[in-house]
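The structure appears below as structure tokens.
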Amino acid sequence: MFQSSAPAKVILFGEHAAVYGYPAVAAPVSSVRALAEAHSTPGTGLQIELTDLQMMFRAGPHEADNPLGKLAALLLQHFGQKPPDLTIRMRSEIPIASGMGSGAAISTALGKVLLAALDIPYTLEELNELVFEVEKFYHGTPSGIDNTVIVYEQPIFFVKDHPIEKLNIARPFRLLIGDTGDKSLTKDVVDHVRKQYESDPSGIKMIFEEIGGISAQARQHIESGSTDSLGPLMIRNHELLQKLGTSSKKLDRCVEAAVGAGALGAKLSGAGRGGNMIVLANEANEDDVKTALLRAGAVKIIDTEIKPSALLD
Ligand code: MEV
């Protein structure tokens, strides 16, 4: 039996602008994961079962019209392998369609377990490229940030089509992740932003430029340990995402409630229009912030620590 897993992710700064080549900052959430288990099942060919996403299906690599079958097909083709007699069971703790990278994490866990079972050496770069192909299938025109932060399981400063840059976290810091419980498809929100961009290229470009500048400043603060300074940057990044039309009433309510309860900053995280938001609180007000988030409609709150990858659990 072989096992593997991959983490969820949060985008700290720069979502949407990332699709257009502006910098973004993201980190893995290692405590919440997609998990895969592979069992040898002679005579079955390759079967993939996804049991806990309110659906259950079996996918062979010939069924490349679903993301998991597609990943298996791409991977086998890339490494010149025939489908093995294997049953892979997948489950995920990551809420789906909520900005935490559930699709990329499921693909990554599947890729890792299949490679382990086939005993094939590979680089993370290879795995990242394969998962990115599947991300395009899910999301249309993704930047590649989700697969990169998840495959490498490192906090990153991301610029599309550039080599990965790992963030030097000078001082670990905590974030609260508030789930609105509202599902939203990344592809739809990315499409909405593209339409905005097409109808007002110079106006939207100014927003992207400011977001890219915020990501660059955030990197400096993270790498110098002045994490409290991230708060105002989060608030401004959220305002800019509102202007792009990627927030929602509940996301705005949660952000306002968190800041009203004393948080240093808060913003939506990921594609938006539902899904998750993140909050920079401090020890003194964290409980008040959590209460305020729940009152504002958050259905779940996850605590996470942004820390150097060497310390990741
Ligand atoms: C989704 O997690 C982040 C977006 O910027 C899309 C992307 O970069 O591919 C909204």
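Remarks
- Checked against the criterion of being away from the ligand (no atom under 16 Å from the Cβ) and more than 14 Å from the chain's Cα centre (by Cα), the candidates SER30, SER40 yield just one match: SER40.
- Matching option when the condition is more than 21 Å from GLY140 (Cα to Cα) and more than 22 Å from the chain's Cα centre (by Cα), among GLU223, GLU239, GLU256: GLU256
- Looking only at region 168-190, and only at residues there that are surrounded by fewer than 19 Cβ atoms within 10 Å (Cβ to Cβ) and over 21 Å from ILE301 (Cα atoms), the one that is nearest to the ligand (Cβ to nearest atom): LYS187
- Only one of the numbered conditions (1) buried (at least 24 other Cβ atoms within 10 Å of the Cβ); (2) at pLDDT 95 or above; (3) of a type outside the set (Phe, Trp, Tyr); (4) not in a loop (DSSP other than H, G, I, E, B) is not met by GLY103, and that is (2).
- Applying the condition of being within 16 Å of the ligand (Cβ to nearest atom) and among the basic types (Lys, Arg) to region 265-313 and asking which residue is nearest to ILE211 (Cα to Cα) yields LYS267.
- Output for region 128-147, where each listed residue is assigned to a helix (DSSP H, G or I), within 12 Å of the chain's Cα centre (by Cα) and either over 13 Å from GLY101 (Cα atoms) or in contact (Cβ under 8 Å) with a residue 40 or more places away in the chain (or both): ILE145, ASP146, ASN147
- Among the residues of region 191-201, at least one is assigned to a helix (DSSP H, G or I) and either of a type in the set (A, V, I, L, M) or buried (at least 20 other Cβ atoms within 10 Å of the Cβ) (or both).
- Residue that is surrounded by the fewest Cβ atoms within 10 Å (Cβ to Cβ), among those in region 1-27 that are within 11 Å of the chain's Cα centre (by Cα) and within 17 Å of VAL189 (Cβ to Cβ): VAL10
- For region 150-165, filtering for residues that are under 11 Å from ALA27 (Cβ atoms) and in a strand (DSSP E or B) leaves 3.
Every residue, every condition in (1) among the basic types (Lys, Arg); (2) free of Cβ contacts under 8 Å to residues at least 12 places away in the same chain, yes or no:
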| site | (1), (2) |
| --- | --- |
| ILE207 | no, no |
| GLY212 | no, no |
| ARG219 | yes, no |
| THR227 | no, no |
| LEU230 | no, no |
| GLU239 | no, yes |
| SER248 | no, no |
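- When PRO121 is tested against (1) at pLDDT 95 or above; (2) buried (at least 18 other Cβ atoms within 10 Å of the Cβ), just one condition goes unmet, and that condition is (2).
- Qualifying residue in region 80-96 (condition: in a loop (DSSP other than H, G, I, E, B), in contact with a helix residue (DSSP H, G or I) (Cβ under 7 Å, 6 or more places away or on another chain) and modelled with pLDDT of 95 or more): no
- Listing of helices (runs of 4 or more DSSP H) fully contained in region 210-313 that carry 3 or more residues being at pLDDT 95 or above and among the acidic types (Asp, Glu): 286-295
The values are calculated or read from the model by the stated rules, or taken from the named source; none is laboratory data. From a predicted model like this one, the values you see are computed outputs, not experimental measurements. Please note: Cβ atoms are built from the backbone with ideal geometry, for glycine as well, and neighbour counts cover all protein chains shown.
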